[in-house]
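> First the structure, which I've put down as structure tokens, then a few questions once you've had a look.
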Amino acid sequence: MKSKLKSDNNFFYKYLLLWNRFKNYKGGLIGFYLFLVVIFIALFVPFLPLCDPYSIKFQSFLPPSFSHPFGTDEMGRDIFSRVLWGSRTSLSVGFGAALVSSIVGVLFGSLAGYVGGKLDELLSRIIDIFLMIPAFFLILLIVAIYGSSIYYVMLVIGLTTWPSTARIVRAQILSLKEREFIYAQKVIGSSTFRILFVHLIPNSIQPIFANSILQVASAILLEAGLSFLGLGDPNVVSWGKMIYSGTSYIFTSWWIAFFPGIAIVVTVASLNLIGDALVTILSPKTEERGAYA
Amino acid sequence: MEWKDYLLRRSAQLLLTVFFALIINFLIINLAPGDPAALMAGELATKEYIEAVRERWGLNKPIPERLVSYLLNVLQGNLGYSYTYLQSVSTLIAERIPVTLLLTLTSSIIAFFVGLLLAVKTSQKAFSKVDLFVSNVMLTIYSIPSFWLGLMLIGIFGVALRIFPTSGMVNVRSTGSGVFLILDIAYHSILPIVTLATIQVPIYYKIARNTIVEQSSEDYVSTFLMAGMSTSSIFKKYVLRNSLLPPVTVFALHLGYVLSGAALVEVVFGWPGMGRLLLSAVYSRDYPLIMGIYLVTSITVSLANFFVDILYTLLDPRVRYK
Amino acid sequence: MNLLELNEISVEYQLGKNNILALSNVSFSMYPKEILGILGESGSGKSTLALTIMRALPKNARIIGGEVIFNGKNLLNLSEDELNSIRWKEISIIPQNSMNSLSPVHKIRDQLRDILLLHEPKLDEKEAINIMEEKLRLANISEDVLDKFPHQLSGGMRQRILIAASLLCNPEIIIADEPTTGLDVVTQYQILKELKNLQSAKGFSMMIISHDISVISNTSHRTVVMYGGKVVEIGPSDSVVGSPLHPYTRMLLEVQMEISKKTQNELHSRTNFNKLHKSVGVNFAHHSGCPFVQRCPFATEKCKTEAPTLLKVNNDHYVSCFLFNK
Amino acid sequence: MRTSIVGAVIALLLTISLTSPLVVSQGLTPKLGGTLVVIQVGDPKSFNPDAQVDDMGFPIFQNLFNKLVTLDIDYNIIPDLAYKWDVSSDGLTYTFYLYKNATWHDGVPVTAWDVKWTFETINKSKGIAYSWIKASNIKSIDVIDNYTVKFILKQPFAAFLSFLGWYGTFVMPKHMYSNYSDWLDPKNPALQKPVGSGPFKFVEWVKGDHVTLEANPNYFKGQPYLDKLVFKIIPDANTALSSFLAGEGDVLAVRPPFSEIPKLNSTSGVIVRSRATPSQWYIGFNLLRYPFNDRTLRLAIAYAINRSYVIEKAMSGYGFPARGGYTSAIKWAFNSNAALPNYNVTLANKLLDDAGYKLGPDGIRQTPNGTKLSIKYTYFTTGPETEAIGVVLKEQLKKIGIEVTLEGLEIGAWEQKVVKNRDFDIALCDGFQGPDPDNMRSRFALGAYLNFANYSNVEYYDLLQNASVTTDFSTRQKLYWKAQEIFVHDLAYIPLVDLVAFYIWKTEFHGLPWESAGKVNYNSYALTWWEKGKSIEPEYIVFLKNNALAIVIVLVIIIGVVVAYKVTKKKWSGKTTS
């Protein structure tokens, strides 16, 4: 409560405040801890005492056991190790795509919002058009015929999901640019570039933050869907791809498709829980209610 | 007058969107590496033979020329002929639409009502343990990949318990007619519909719950409360009515994806719908068919958006024509 | 004789893990046929007060003590049904005007009728409409609005509808919560005048809640000044405005004068408005001492540890400050 | 252990093959009626059987149409519309004598004019068989009379009959097509509702779900036993399998996941049979690109690949390691002496060391030119095996210091990149190598479109070219054998796996195409019948036949009792009388 007396513009302080409020959301907190576990695994999996996820030296179709907690797959690879390694692929596709989407979205959105006029009209129209193209079919087509390396998948997902970010940023910038501090910057003669990148965009980041986390979640699901259609990158371990190959053996070796699916659910749910809590916290309604009481 | 202008402007926008979507798709498809003629010609074909196939389908012409003639054809309502099915694309698509709609529409409607009902039940005790629990469970369900859920349902109900068929739309051995055919299709559609509905319930639940919670703390609620109205009457008469619009909007927007939204589930359940038609078209490089499916799906999405906007202006007079 | 009597009311809000005291031992009475003004800045607890009387507090609020006596009955002890028979019929409220004080998707007619029929279930359609139209005329607004939606009306019209709504069942007490907020100056003036006229014509009692000292001084017979959830000064309006006792009341008057010196433009400028509010931040966190201690120019050590009580200074004029505690 | 698994699988394959249903069906006579549901992967493209490649339509066409001659399950040429044929001694003239009672499903007789029209249209409209029957090599098609037709070739073509019996050579009804200038004119109803001459007639096609045929009572070789033949379309192998197990199909023509085969084999009421097919998985090197033009490198790679291990890991053990330069399934043409290098990592490493491919610090070799030996394996994503083969190759080539990355492409993109642009290092391909070894010429030889490795050994080309015009069987065989020796020496391509085909069906059906060698084509259900159908003979005769033993026993007992009675009666009466 004393926070009000401190500077409102302190970036890190803002996030500390955010965290203080976030802590009260149990679901979000659970999601956050789950996510820490997933991140930990993704970062440190090379140092964990695991079998080589690519090695095909084991017997195929071993059911879960002490030495292979999740069993082995059709080529004799250790599924436990593959599930853990798969976190890297999923997270990098998720974050990569969300990053691409955020960069493009922020650029388009802030330009449209700040410059306004004809340009805004044009960019808004482009955003509308992109919003109305069925993204999954488009991604599917591009990945199917142009190739399926994970960088490609990231890029394509990012480039087809940016419009929602752009919309949020545009609205944010529209309301921010009328504020006094921006007016002050204009009066003292700051360049448009400076105003945009130093003042406007950093101040409109918070709402995008929640949206981006949800985008990471949906990108992970998208990648899994693509891999499930056999369109994943063969050089990395991907949960969707594991489910795809497990589909063939669902009758006899359920564990091949089961565990990667659980991994997806856990990862995506953790992100959704965090994102949902953030959306609730950051929505203006909640803020109003907080102030009212 | 204002209304008429708005309608006109919005329609123009709709056409523009579809037009651009069409061009983008055309370019993506036709600039892609790979030669449909070579695929059509088969493995032991000679070069001369492939050239003949290319000529037959007009693939030897330059891309701008193909684009223009395609657009002209579309304007006349001609989506062209499928390379692989040798049938008009519109017939092929028209055949698949009801098949897919059966899954998507039914599941969306079920999901809408289940989500709404759950939301009504839990939102009256907003922020209670039950409410938070249900909310988090919903978020978790929302995180399940549809194809995986379908696969697991097949594993449990189709393979282990043998209660439901695992694939297809009818039992071919005894293709019935009339009521029996309908029952057979209904029976085959249960698992895919359950899968699709489960995935969608959280969407409607979330929007309905949040709206109801939000509406429950609106000023008019305390106005009526202070006027002596019981909480339950306020909820029934006012809160619910005020909370309907957002879920209905989401529902309507989702209708835009009725054709493309079930692709993965169709694959899992061997359901002969649009999604599978597209996949097979992509793999056999059936350009006219791919284009046709994209066109139709873009139109549905745009139309859904269009109607939502129009409905909004009709249902919620707060919205002004922008 | 007191029409309404508030005794030692305390209300707290639960915010996360913290409990915040919004009203602390508030006591005062309301006489028949008077206009009582409640003056205080946002956060002073004045709206909470209105909601407490109506027992319509939000879910995270809790009445921790005190009583509201009306016609010899403690409203806080009544069952929901008993209460509902008093609400609107005996005590009605003109809620704080906002876009959504009325349901945005229902016509005015339906909403007013629902309220009316709650208390007069025997009325037939025509009688109900007659009553509604009559009240609308009283509130100086045409009957056409019955077939409109709230958003189709201007702020002033909505306010008038809320006034008409409050009159529906001819209550003895009407509580007007910030009746003029968000309206332009001309409309403000008109509405206040009409309210005053109505009161004198109909003879009900009215409680006007406002942060605007001029609203209170122009309308009310007596004024209650609140700060930080406590009553700091009570007295006849002339006396409170003419010779304010409490340092806070004095400060409010000074701010008011400063503002009136400035141009109209600046008055409406958001910046100034925000600044004013920012500088008058309220600290709820205290549980002992005077709520105003942090901003009081006359604060002593005693003020930090002990809470002053209401003390009669002269005829009907009470103040809660150690300055007068001689 | 690896060998033991392969051994076990081969043993299993043998037992599957040996436990022939013929044993079961012996002593039973065919019955009439019933529906056979064949589960297959996809929809036919159209019902013009000769216009386009259509692997999904083909098994259906095989039941709807007839060719002049056809191939049975062993790829032997057997009569179809032609009950006999003559080949002139110079190999230039082929005369076919047609069945006189053959009619189209609409009642119009099938004549030599239909044959002439079909093959002239294949030539003119570039039908799918244009390439392999060498349509431009046909000088003329002469109708001798309504039921005799003569093909005159410009040059001898030894594989002509085999290819005539194979694919895209169905005789089509001239009267249905002659009104349209284009045989793919979408307005032609015959493209959606075909009129054939085969044992089954078309009923309906529900796209994405099934194609239904019914028995043709007027079939010139006699009415088939079944009432209905349904091709149920299920693209996904698992769902196909589960539908089959759930009783929704009788013949599973969608290959189930390998892991399910032992289980299927032990399911009661289900028969699994397997046989080697003339199809192979092979990899090709980009000979236009350094260092793959170095034979030593290719040889080392060939030594480094353990083909049995590939089969074990990538195909769950189902398949036979490729042995030489051609598929071993076409026995007469296969040269077992032209053997591929046998797995030998030490030798492979030595070859590379000697040729100057030095190991780098990261365990990856460098070419003599100093570039890293990191190669791309380009495959098409039509099924899980293509990637799995890559995973195994990656692991195996790692042992000789070659790094492999996988590049999976949709088949059209693969075709563009590999075949057309030659932009690859090594690529995986598969394909049918029958019905005649002339296939090698269209696949691997100089100038062939599919020769993506750019293999251009002129000697190899000449041998195949000669063989294709040689009519003498043993000369031809020798030419092919020699060609295979060159092929395995050059190693532009390394064959990996001979594919195994599975035949999976319900025991209650008999006389399936793979049980009817020498009688019907390898997809024809004309002789298939259902145990639970109606008997052809009157009920009482069947009853007598089926219960002959019991009847005899009962009769014997009755006679015995009577005789015994008589005898004892005599005795008794004898006693009393005596």
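> Please list, by residue number, every one of the chymotrypsin sites (Phe, Trp or Tyr not before Pro) in region B:107-142 that is coil in DSSP and has at most 14 other beta-carbon atoms within 10 Å.
Working: sites: B:PHE112, B:PHE113, B:PHE127, B:PHE133, B:TYR142; in loops: B:PHE127.
For chymotrypsin sites (Phe, Trp or Tyr not before Pro) across region B:107-142 that sit outside H, G, I, E and B with at most 14 neighbouring Cβ atoms in 10 Å, the list reads B:PHE127.
> Can you pull out the trypsin sites (Lys or Arg not before Pro) in region C:19-118 whose DSSP state is coil and whose Cβ has at most 13 other Cβ atoms within 10 Å?
For trypsin sites (Lys or Arg not before Pro) across region C:19-118 that sit outside H, G, I, E and B with at most 13 neighbouring Cβ atoms in 10 Å, the list reads C:LYS59.
> Let me ask another. Go ahead and run the numbers for FRET between C:LYS59 and C:GLU5, Cβ-Cβ distance against an R0 of 22 Å, rounding to 0.05.
Here the calculated transfer efficiency is 0.25.
> State, as an integer percentage, the relative contact order of region D:276-502 based on alpha-carbon contacts under 8 Å between residues 6 or more apart.
It rounds to 34 percent for region D:276-502.
> Please compute, for peptide D:412-419, the average count of beta-carbon atoms on other protein chains lying within 10 Å of each residue's beta-carbon.
Averaged over the peptide's residues, the number is 6.
> Hey, got the average number of other protein chain Cβ atoms within 10 angstrom for residues in A:224-237?
Other-chain Cβ atoms within 10 Å of each residue's Cβ, averaged: 5.
> If you restrict to DSSP beta bridges whose two residues both lie in region D:276-502, what percentage is antiparallel, to the nearest 5?
Given both bridge residues lie in region D:276-502, the antiparallel proportion sits at roughly 70 percent.
> Let me check I've understood the local charge: for D:ASP436, count other residues with C-beta under 14 angstrom from its C-beta, Lys and Arg +1, Asp and Glu -1. What total comes out?
Within the 14 Å Cβ shell, the charges total +3.
> Please compute the average number of Cβ atoms from other chains found within 10 Å of each residue's Cβ in peptide B:45-56.
The shielding value for this peptide is 5.
> Angle, helix D:295-304 long axis vs. longest principal axis of chain D, Cα atoms, 0 to 90°, nearest 10?
50 degrees
> Just in region D:235-325: which trypsin sites (Lys or Arg not before Pro) are loop by DSSP and have at most 15 other Cβ atoms within 10 Å?
Hits after loop and neighbour filter: D:ARG289.
> Please give me the summed charge of the neighbours of B:LEU44: other residues whose Cβ is under 11 Å from its Cβ, Lys and Arg +1, Asp and Glu -1.
Computed value for this residue: 0.
> Based only on other Cβ atoms within 10 Å, what is the fewest-to-most ordering of A:THR192, A:THR89?
A:THR192, A:THR89
> So what is the 222 nm mean residue ellipticity for chain D from helices alone, if each DSSP H run of at least 4 adds -39500 (n - 2.57) and you divide by all residues, rounding to the nearest 500 deg cm²/dmol?
-9500 deg cm²/dmol
> Could I ask something else about it? With chain B treated as a Gaussian network of Cα nodes joined by springs under 10 Å, which of B:ALA12, B:ALA304, B:ALA227 yields the largest mean-square fluctuation?
Comparing B:ALA12, B:ALA304, B:ALA227 in a Gaussian network model of chain B, the most mobile one is B:ALA227.
> In addition: Sort D:VAL195, D:VAL554, B:VAL179 so the one with the fewest other Cβ atoms within 10 Å of its own Cβ comes first.
B:VAL179, D:VAL554, D:VAL195
> How would you classify the protein assembly as shown from its alpha-carbon gyration tensor, with a ≥ b ≥ c the square roots of the eigenvalues: rounded for a/c under 1.5, else prolate if a/b is greater than b/c, otherwise oblate? Please list the in-between numbers first.
On the way: a/c = 2.56, a/b = 2.15, b/c = 1.19.
Prolate is the answer for the protein assembly as shown, as a/c is 1.5 or above and a/b outweighs b/c.
> Next up: Given a Förster radius of 51 Å and the C-beta distance between B:LEU183 and A:SER65 as r, what FRET efficiency does 1/(1 + (r/R0)^6) yield to the nearest 0.05?
Calculated value: 0.70.
> With both partners inside the protein assembly as shown, how many of the DSSP beta bridges are antiparallel, as a percent to the nearest 5?
70 percent
> For the Cα atoms of chain C, what angle does the longest principal axis make with the long axis of helix C:270-279, in degrees from 0 to 90, nearest 10?
Long axis of C:270-279 versus the principal axis of chain C: about 50 degrees.
> Apply the Karplus parameterisation 6.51 cos²θ - 1.76 cosθ + 1.60, with θ equal to phi minus 60°, to every residue of region C:173-181 and state each ³J(HN,Hα) to the nearest whole Hz, in sequence, with x for glycine and proline.
Each residue of region C:173-181 in turn: 10, 10, 9, 10, 8, 6, x, 10, 4 Hz.
> Treat the count of other C-beta atoms within 10 Å as a stand-in for reagent exposure and order C:SER237, A:SER212 from fewest to most.
C:SER237, A:SER212
> Now, a different point. Relative to the first principal axis of the alpha-carbon coordinates of chain B, what is the inclination of helix B:245-255, with its axis defined by its Cα atoms, in degrees from 0 to 90 and to the nearest 10?
10 degrees
> Provide the FRET efficiency to the nearest 0.05 for the D:ASN466-D:ASP362 pair, computing r from the beta carbons and using R0 = 45 Å.
Taking R0 as 45 Å, the efficiency between D:ASN466 and D:ASP362 is 0.40.
Throughout, read-outs are computed from the coordinates displayed, never taken from laboratory work. Nothing here was measured: the structure is a model prediction, and the numbers come from that model. Heads up, the Cβs are rebuilt from the backbone with ideal geometry, glycines too, and the neighbour counts pull from every protein chain shown.
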